[in-house]
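Novice: Mind looking over this structure? Questions follow.
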Amino acid sequence: MRAAVLRRPAPVTDAPLEIAELPDPAPGPGEILLQVFACGVCRTDLQLAEGDLKARTLPIVPGHQAVGTIVAIGEGVTGWSAGDRAGVAWLASACGTCRQCMAGRENLCEAASFTGWDRNGGYAELLTARADFAFALPKAFDDLAVAPLLCGGVIGYRSLKVSGIQPGGRLGLYGFGASALLTMQVARHRGCDVFVATRSAREQERARQLGAAWAGGYDEAPPAPLDAAITFAPAGDVVVRALKAVDRGGTVAINAIHLDRVPEFSYDLLWLERSIRSVANFTRADAREFLELAAVIPIRTVVDEFRLDQANLALQRLAAGEVSGAAVLRCR
């Protein structure tokens, strides 16, 4: 099979992914083999490729928003058949028996593994995955359109949960990339007023066109105190900006796996029961809930399509802010 392989991290300008021929994988017990048609390109993939997110194993095939058709099934698999369409996302496995898993927090399992980080991901023509960590996908979405839902959409949905925002509340989104675009649609569906902060004038205008109550720069204060905010930019100073904007008792949820240093700030910003929460991965329940809701709303995705052999170009465009929605590789 063809795959885009990361052998060692490097700046994306140096094209760190190698398009290579690898042996076709076979599903082990409890696994499915997926013929991949599309895989979303995430900022986490960019951080892995450049070394901001430390690789856990090398070489590795990145990609954790894979969509395809099951072509083989391993021993002991139930609930799936050859020919079924399935999606594979970031959470690749959890132990199922630890304190966190038993409490419904498998996203915090210390033994969890992750697609495209611990095991080969979807920048490839074929992909194996644990059958119980794959997802049935809404028929309303084609392969390219549904791929971004498997990371940006699901993690945005969990961020909304963590933020505590209530229907009709005032929500701030700090950064307006692919995940924020999807998160905004869920928040608007729930009657929230959405306030968007981003440095890009083009993204500010786009947010207004999509129904934002306000859009401005990171250094501008929203016109009303926010009940909650979600930060998508991997910059610590943006977290402080969001904290300044939330009302008493408000929460800032950080949607990032890697964040640079949070600058020192006055305790006055945190006082009056404001809080900062990190968002770590997601659970399978989050994914199933979101995918069902996405079909009801229905969520609309904007996709910039690339061929598999253009994986480096996709990462370069993402790094340069030149992706209008979500970058997606067509793998077949």
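The values are calculated or read from the model by the stated rules, or taken from the named source; none is laboratory data. Keep in mind the model is a prediction, meaning the values are calculated, not measured. Heads up, the Cβs are rebuilt from the backbone with ideal geometry, glycines too, and the neighbour counts pull from every protein chain shown.
Novice: For region 158-180, how many residues are under 17 Å from THR44 (Cα atoms) and in a helix (DSSP H, G or I)? Lay out the reasoning, then the answer.
Specialist: At the first step, the residues of region 158-180 found to be under 17 Å from THR44 (Cα atoms) are 158-159, 175-180.
From what's left, in a helix (DSSP H, G or I): 158-159, 178-180.
Here the count works out to 5.
Novice: If you don't mind, there's one more thing I want to ask. Is it the case that region 184-201 has a residue that's assigned to a loop (DSSP other than H, G, I, E, B), of a type in the set (Ser, Thr, Tyr) and over 30 Å from GLY104 (Cα atoms)?
Specialist: We begin by selecting, within region 184-201, every residue assigned to a loop (DSSP other than H, G, I, E, B); these are 190-192, 198-200.
Pick out the ones that are also of a type in the set (Ser, Thr, Tyr) and you get 198, 200.
Subset that is over 30 Å from GLY104 (Cα atoms): 198, 200.
Yes, region 184-201 contains a residue that is assigned to a loop (DSSP other than H, G, I, E, B), of a type in the set (Ser, Thr, Tyr) and over 30 Å from GLY104 (Cα atoms).
Novice: Could you give every pair whose Cβ atoms fall below 8 Å, whose first residue belongs to region 180-204 and is within 22 Å of PRO298 (Cα to Cα), and whose second residue is surrounded by fewer than 21 Cβ atoms within 10 Å (Cβ to Cβ) and among the acidic types (Asp, Glu), counting only separations of at least 6 or pairs across chains?
Specialist: Filtered contacts from region 180-204: VAL196/GLU203.
Novice: Ok, one more. May I ask you to verify whether THR128 is surrounded by 24 or more Cβ atoms within 10 Å (Cβ to Cβ) and β-branched (Val, Ile, Thr)?
Specialist: No, not satisfied.
Novice: Return yes when ALA213 is under 20 Å from the mean Cα position of the chain (by Cα) and modelled with pLDDT of 95 or more and no when it is not.
Specialist: Against the criterion (under 20 Å from the mean Cα position of the chain (by Cα) and modelled with pLDDT of 95 or more), ALA213 does not qualify.
Novice: With respect to the numbered conditions (1) among the acidic types (Asp, Glu); (2) at pLDDT below 95; (3) assigned by TED's automatic domain parsing to the domain that holds LEU6, which one is the sole condition not fulfilled by GLU125?
Specialist: (2)
Novice: For region 273-332, give me the residue count where each residue is among the basic types (Lys, Arg) and without any contact (Cβ under 8 Å) to a residue 60 or more places away in the chain.
Specialist: The qualifying residues number 3.
Novice: I've got another one for you. Yes or no: region 248-270 includes at least one residue that is of a type in the set (A, V, I, L, M, F, W, C), over 30 Å from LEU137 (Cα atoms) and buried (at least 19 other Cβ atoms within 10 Å of the Cβ).
Specialist: Checked against the condition, which is being of a type in the set (A, V, I, L, M, F, W, C), over 30 Å from LEU137 (Cα atoms) and buried (at least 19 other Cβ atoms within 10 Å of the Cβ), region 248-270 yields at least one hit.
Novice: Another question about this same structure. Having 1 or more residues that are closer than 17 Å to ASN312 by Cβ and acidic (Asp, Glu) is the bar; report the strands (runs of 3 or more DSSP E) wholly within region 1-65 that clear it.
Specialist: Filter on region 1-65 gives 17-21.
Novice: Kindly establish whether ARG170 is under 17 Å from GLU289 (Cβ atoms), in contact with an Asp or Glu (Cβ under 7 Å, 6 or more places away or on another chain), crowded, with 21+ Cβ neighbours inside 10 Å and modelled with pLDDT of 95 or more.
Specialist: It is false that ARG170 is under 17 Å from GLU289 (Cβ atoms), in contact with an Asp or Glu (Cβ under 7 Å, 6 or more places away or on another chain), crowded, with 21+ Cβ neighbours inside 10 Å and modelled with pLDDT of 95 or more.
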